[in-house]
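First up is the structure itself, then whatever we jot down about it.
The values are calculated or read from the model by the stated rules, or taken from the named source; none is laboratory data. This one's a predicted model, so the numbers in the text were calculated from it and none came from an experiment. Quick reminder, even Gly has a Cβ in these numbers, built from the backbone with ideal geometry, and neighbours come from all protein chains shown.
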């Protein structure tokens, strides 16, 4: 009698811990930059290097822990590395403001341009297989003959997402120009970077998140309308 083998079970990637994310990407770097950058402690250069090591190290650790990488996290790490490069090379502070505006600005532009390709970025952000039952949604759209209507909804959602990135770009630039004004390499400059990092979440991230949440509400409401499925039928139960 032959032995019955069961297929190997695939375990979903671990969820990211929001509190660890905030601690290592915001709280610890901010404390190091604002409290330990004086010469009697770490000094501005060493404080900057150690502070930047936390978000970079967290990004690498998170990838190997969850075995998951995405465009947004990669862009965030690139932004951290650019901040470190600009600071350690002691370039004019205006480049910090340009960099802060450029990262979400690139995302806004990429979101709009991707609408004219086979892979709209909004699908990567919102139509996630780990959150939505995409197979059931696609089948229902075909049965209801509402695929064209769904594509129009997706386009509008992408404009909403792009607007959140554009808002972040403007707020990033204004915040950096207002706060980071001292010469790179100085204690004041390092402390200003810490202050900018601390304020970026309430001033920039929260408004952007509100727009993204509104975009997701708009998208989910229209998915249920066009597919005739309930939220329970389209959402993957965690």
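Applying the condition of being exposed (fewer than 11 other Cβ atoms within 10 Å of the Cβ) and assigned to a helix (DSSP H, G or I) to segment 137-151 and asking which residue is farthest from the chain's Cα centre (by Cα) yields 143. Could you grab the pairs with beta carbons closer than 8 Å, sequence gap of 6+ or different chains, first residue in segment 38-63 and on the phi > 0 side of the Ramachandran plot, second one crowded, with 18+ Cβ neighbours inside 10 Å? Pairs found: 43/37. Looking only at residues in segment 201-210 that are in contact with a helix residue (DSSP H, G or I) (Cβ under 7 Å, 6 or more places away or on another chain) and either more than 14 Å from residue 171 (Cα to Cα) or surrounded by 17 or more Cβ atoms within 10 Å (Cβ to Cβ) (or both), the one that is modelled with the highest pLDDT is 208.
Yes/no per residue for (1) surrounded by 17 or more Cβ atoms within 10 Å (Cβ to Cβ); (2) at pLDDT 75 or above:
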| position | (1), (2) |
| --- | --- |
| 18 | no, no |
| 46 | no, yes |
| 70 | no, no |
| 91 | no, yes |
| 95 | yes, yes |
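Checking each residue in segment 152-184 for being over 23 Å from the mean Cα position of the chain (by Cα) and surrounded by 20 or more Cβ atoms within 10 Å (Cβ to Cβ) picks out only 184. A single entry from 52, 36 fulfils the requirement of being modelled with pLDDT of 75 or more and farther than 25 Å from residue 206 by Cβ: 36.
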